[in-house]
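Data first, discussion second: the structure below is written as structure tokens.
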Amino acid sequence: MYLHGTSKINAQGHLEIGGCDTTDLAKQYGTPLYIVDEALVRQRAREYVESFRASGLKFQVAYASKAFSVMAMCAIAEQEDLSLDVVSDGELYTALKAGFPVQRIHFHGNNKTPDEINMALDANIGCFVVDNFVELQLLNALAGDKGKKANVLLRVTPGVEAHTHDYISTGQQDSKFGFDLANGSAYRAIQETDALTNLELLGVHSHIGSQIFEVEGFQMAAAKVAEFAVQIRSELDVTFRVINLGGGFGIRYTAEDKPLPVAQYIKAITDAIKTNFSEANYPLPEIWVEPGRSMVGDAGTTLYTIGTSKDIPGVRKYIAVDGGMTDNPRPALYESKYEAVIANRANAPIEETVTVAGKCCESGDKLIIDCELPKAEIGDLLAVFCTGAYNYAMASNYNRIRRPAVVFVKDGQSDVAVKRESLDDIVGNDVIPARMKQASTAK
Ligand SMILES: *Cc1c(COP(=O)(O)O)cnc(C)c1O
């Protein structure tokens, strides 16, 4: 069994995270429950920041908040000197409500609405990562209306394909994101930006994919971006001050995943930038990266209660938990793999291979296919590891299932960061139109 961060098995044979016994957490907060190992989140943040400090380059490490956007995470990001990426008014609002320093907020997205852009301009955020020509004109116009100048990075697609699951790779040419380097649209975007008076061009951004386990993709992207920078400087007399190489640093969900230490990714990136830019006598730009998954993914654990089981002799045995694709849609979306343990008998020997099903009315609602576990009893607690990223963030109320609570644990202390939804929350936005009420009383 692979235990992440502060997770361990205590003297009672229970899974413990952040010094908190998970069986106690289940009693106190109920299940399903997202548990976040705060020390591990902070450790990751520091690994990024310290790796960059060692490089001597100027930098920003922006937490891609879409991985897990809640106010407590924004607070941690602020304390750890991170910047923050947002991709919607909701994520921006979360950051603003958490009091996150506006200058360190970067706004992403391929279809920012005028309202979202205005909200971000009013908040004086640090930077817009502009995705397309429509947005370029829109942002320039809206900034002009307010008498403001907006800092921008242009998102380019460098044509580098990271080795990853196809659904989540974005660096290749056929992408909904960004200006293409190869076909000249990135070049034209720079010319256009340079001519727009309400935009301040800081540089370019590239994000080559997700759950990446090698440094080569980042090195190739750095080289392509550097080549582009040199061409732009010589032909258009525009110098980039910032190069953003995106996120996508991999984590270990199962034994198949072999991520590199954070320091190794960052050293490869900063070395590639130094080499490529120095060779061209180009002033070394500031480097930004945007880790999402690797900041929180393995710090999260979801705790469920096992409710029912079904044995189909010769086929498979199912055990069903009190959550499922509503709190973790990734297995259904991406065939993502996870590992799990019985949290209240974490030392018990592996006895059977089961499929962990959720409680949604979908045959595809399976969290783990062929999960090796001790013989599960009804009422046992199942802990699924590595659920910190893109789980709560992607949770839904399908079947009107309430979203679980999130607790942060550290040094034996647990605190609610997001309350469990109530049944009243479930109907909170529902309205029965008056004419329907009349119809029912008229009967
Ligand atoms: C999703 C995304 C990230 C974060 O990706 P991770 O794989 O979670 O590190 C960073 N930058 C951009 C532009 C993204 O779309």
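The values are calculated or read from the model by the stated rules, or taken from the named source; none is laboratory data. It should be emphasised that the depicted structure is a prediction, and the values quoted were computed from it without experimental measurement. Every residue, glycine among them, receives a Cβ derived from its backbone with ideal geometry; neighbour counts consider all protein chains shown. Keep in mind that these areas ignore ligands, DNA and RNA; they rest on the heavy atoms of the full protein, side chains included. Shrake-Rupley method; radii C 1.70, N 1.55, O 1.52, S 1.80 Å.
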Which one is nearest to the chain's Cα centre (by Cα) among residues in region 102-148 that are surrounded by fewer than 14 Cβ atoms within 10 Å (Cβ to Cβ) and under 20 Å from Ser83 (Cα atoms)? Gln103
Which of the following residues is within 25 Å of the chain's Cα centre (by Cα) and modelled with pLDDT of 95 or more: Thr270, Thr275, Thr355? Thr270
From the residues in region 223-271 that are hydroxyl-bearing (Ser, Thr, Tyr) and touching a strand residue (DSSP E or B) at 6+ places or on another chain (Cβ under 7 Å), which one is nearest to the ligand (Cβ to nearest atom)? Tyr265
Residues satisfying the stated conditions in region 383-434, i.e. of a type in the set (Ser, Thr, Tyr), in contact (Cβ under 8 Å) with a residue 40 or more places away in the chain and not in a helix (DSSP H, G or I): Thr387, Tyr390, Ser396, Ser414
Out of the residues in region 272-287 meeting the condition of being under 27 Å from Glu78 (Cα atoms) and open to solvent by 10 Å² or more (accessible area, probe 1.4 Å), tell me which one is nearest to the ligand (Cβ to nearest atom). Glu286
Got a number for residues in region 95-117 being part of a helix (DSSP H, G or I) and either farther than 25 Å from Ala417 by Cα or within 16 Å of the ligand (Cβ to nearest atom) (or both)? 6
Pairs with Cβ under 6 Å, 6+ apart, first in region 5-32 and in a loop (DSSP other than H, G, I, E, B), second of a type in the set (Phe, Trp, Tyr) and surrounded by 15 or more Cβ atoms within 10 Å (Cβ to Cβ): Thr31/Tyr304; Pro32/Tyr304
